[in-house]
């Protein structure tokens with residue numbers, strides 16, 4: 001079972017690399033170099049802040065785009081090319097296919113993030129001339145970004161298990177936007193009464209809370225991230241990801257592929 | 001040349017020509033739309049709306065707005081502008097997007113408070129900006145110092161300045177100067193000694209070369225004002241004794257009123273005028289002076305700030 005999942009995951013990773021997904025690293029490298037060199041000349045005293053804010057925002061946004069645009073094709077492309085039937089005619093269960101696809105894309109994003117993280121730290125070294133102890137919080141922010149990718153990848157996979165690529169992209173992107181407002185949503189829910197309150201609170205807890213996983217601005221100011229938040233966010237991301245993958249598996253198991 | 005190569009060459013030439021033509025046309029369009037400068041537009045003026053629209057990437061957006069504020073102020077200041085309409089909104093957006101961006105409060109107040117052309121002439125907005133900073137960063141003593149500084153220099157509100165310095169002095173890790181300034185304020189409010197102490201504090205506590213150069217220019221101006229006041233007083237005394245003004249500083253020396261030829265802070269001798277006034281040889285090098293200027297002197301639109309030592 002594990003080897004079958006690993007096999008599907010490695011194929012997904014290879015396919016993403018073949019699709020030149022990692023080319024985004026070139027754009028990222030150019031962006032970081034430009035930021036590191038130019039900002040000092042056009043602004044005042046924010047070189048380090050810009051490198052961290054821009055670097056982490058770019059890591060996050062590039063990864064989101066990859067997660068959504070690769071994720072939406074993970075199932076539909078296999079159906080379109082009819083390669084899915086070849087895979088499923090072998091002793092591969094449908095849930096193994098979904099889980100393998102998830103790990104393949106998650107791995108692609110992790111590798112992509114790893115190289116981008118190197119770029120962020122090189123730019124940081126260029127503007128600060130040395131690393132500081134508080135730079136370790138940038139690693140925590142990067143870890144949280146990877147947790148966001150896991151959730152978004154699982155959600156995209158869930159949508160792509162029953163919907164067209166275009167609609168899956170719309171759903172996933174909408175959930176990303178709504179998830180960024182998750183805390184506001186909870187605030188709105190608190191202002192309502194009766195059944196509306198229950199519904200609004202339910203919706204607020206159902207959408208992924210991406211805002212809790214975004215500590216970019218605070219780490220840019222060298223503010224520490226508590227160990228408790230790291231633990232809680234990790235647990236939340238894993239549970240939410242598992243939930244979305246379970247949903248994808250359930251839908252895909254009962255989908256008529258004929 | 002093969003057919004494929006010919007197509008490549010032809011389309012490459014077309015591509016390059018189109019690129020050049022589009023740039024030239026855009027420059028022409030810019031000339032036609034002279035009044036339509038994008039600089040004077042704030043597409044979204046609500047800081048709260050922008051914060052929400054940033055989808056959590058508010059830190060980067062704040063950096064962009066801060067850079068925009070710096071560029072806006074820099075361009076206006078360079079042109080000797082009297083109006084800085086967008087400066088306060090840009091700074092307010094920046095600080096709402098990232099309330100911990102201390103640099104925006106520190107420099108932003110320096111851009112907002114002074115009278116044009118050195119700043120926007122909005123000391124009240126500058127104080128409001130700093131108070132918002134204090135609300136979000138209560139332990140940043142520099143913000144209290146800036147509030148006191150604006151009260152003192154721009155509003156001549158010495159009680160307000162003393163109160164701000166006293167508030168700042170209570171914060172942990174506050175600079176010892178704050179307590180001293182709060183104490184001295186009651187005693188020396190409004191005099192040149194106090195102003196010198198304030199600018200010296202700015203000079204010593206800042207890490208930025210521009211702020212230091214500005215403080216140095218103010219300290220030089222205070223020195224000139226004091227020198228000119230003292231020298232003109234000596235000339236008046238000489239006139240009382242001799243019935244005429246001295247024609248050179250050596251006459252003052254000979255009369256025992258002065259020791260040596262007085263030099264301005266940049267090392268040039270002062271000019272002694274026939275009517276007893278004292279003037280600087282290069283007043284352009286001393287922005288912010290109140291004395292020592294020729295009668296017909298017009299300061300340059302943008303003050304000449306020399307680099308600090």
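The values are calculated or read from the model by the stated rules, or taken from the named source; none is laboratory data. The shown structure was predicted, so the numbers you read here are calculated from the model rather than taken from an experiment. Here Cβ is always computed from backbone atoms with ideal geometry, including for glycine, and neighbour counts include all displayed protein chains.
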Members of segment B:206-252 that are surrounded by 13 or more Cβ atoms within 10 Å (Cβ to Cβ) and within 14 Å of another protein chain (Cβ to nearest Cβ)
B:206, B:208, B:210, B:211, B:212, B:213, B:214
For residue B:42, which of the numbered conditions (1) touching a residue at least 12 places away in the same chain (Cβ under 8 Å); (2) facing another protein chain (nearest Cβ under 10 Å); (3) more than 23 Å from residue A:48 (Cα to Cα) fails to hold?
(2)
Has segment B:131-143 got any residue that is assigned by TED's automatic domain parsing to the domain that holds residue B:177 and under 13 Å from the mean Cα position of the chain (by Cα)?
no
Do we find a residue being under 19 Å from residue B:263 (Cα atoms), assigned to a helix (DSSP H, G or I) and touching a residue at least 60 places away in the same chain (Cβ under 8 Å) anywhere in segment B:207-217?
yes
Checking the conditions here, which among B:152, B:203, B:158, B:144 is buried (at least 16 other Cβ atoms within 10 Å of the Cβ), more than 24 Å from residue B:73 (Cβ to Cβ) and more than 14 Å from every other protein chain (Cβ to nearest Cβ)?
B:158
Return a yes/no flag: does segment A:151-163 have any residue that is touching a helix residue (DSSP H, G or I) at 6+ places or on another chain (Cβ under 8 Å), within 14 Å of chain B (Cβ to nearest Cβ) and loosely packed, with under 13 Cβ neighbours inside 10 Å.
no
Examine segment B:75-85 for a residue that is within 30 Å of residue B:206 (Cβ to Cβ), modelled with pLDDT of 90 or more, assigned to a helix (DSSP H, G or I) and within 14 Å of chain A (Cβ to nearest Cβ), and state whether such a residue exists.
no
Among the residues listed as B:61, B:55, the single one being over 29 Å from residue B:154 (Cβ atoms), at the interface with chain A (Cβ under 10 Å from one of its Cβ atoms) and modelled with pLDDT under 90
B:55
What's the total number of residues in segment A:237-250 that are surrounded by fewer than 17 Cβ atoms within 10 Å (Cβ to Cβ) and more than 14 Å from residue A:103 (Cβ to Cβ)?
4
What is the number of the single condition among (1) closer than 28 Å to residue A:46 by Cα; (2) free of Cβ contacts under 8 Å to residues at least 40 places away in the same chain that residue B:203 does not meet?
(2)
If residue B:299 satisfies every condition in (1) closer than 30 Å to residue B:116 by Cα; (2) surrounded by fewer than 19 Cβ atoms within 10 Å (Cβ to Cβ); (3) in contact with a helix residue (DSSP H, G or I) (Cβ under 7 Å, 6 or more places away or on another chain) but one, which is the exception?
(3)
Return a yes/no flag: does segment B:107-124 have any residue that is in the same structural domain as residue B:70 (by TED's automatic domain parsing) and over 21 Å from residue B:218 (Cα atoms).
yes
When segment B:61-109 is checked residue by residue, the ones that are crowded, with 24+ Cβ neighbours inside 10 Å and free of Cβ contacts under 8 Å to residues at least 24 places away in the same chain are none
Looking at A:207, A:219, A:170, can you tell me which residue is surrounded by 15 or more Cβ atoms within 10 Å (Cβ to Cβ) and closer than 27 Å to residue A:124 by Cβ?
A:219
Kindly establish whether residue B:124 is away from chain A (no Cβ under 12 Å), surrounded by fewer than 22 Cβ atoms within 10 Å (Cβ to Cβ) and over 22 Å from residue B:215 (Cα atoms).
no
Do we find that residue A:142 is at pLDDT 90 or above and either in a helix (DSSP H, G or I) or crowded, with 22+ Cβ neighbours inside 10 Å (or both) in this structure?
yes
Hey, does segment A:115-137 have a residue that's part of a helix (DSSP H, G or I), within 14 Å of chain B (Cβ to nearest Cβ) and modelled with pLDDT of 90 or more?
yes
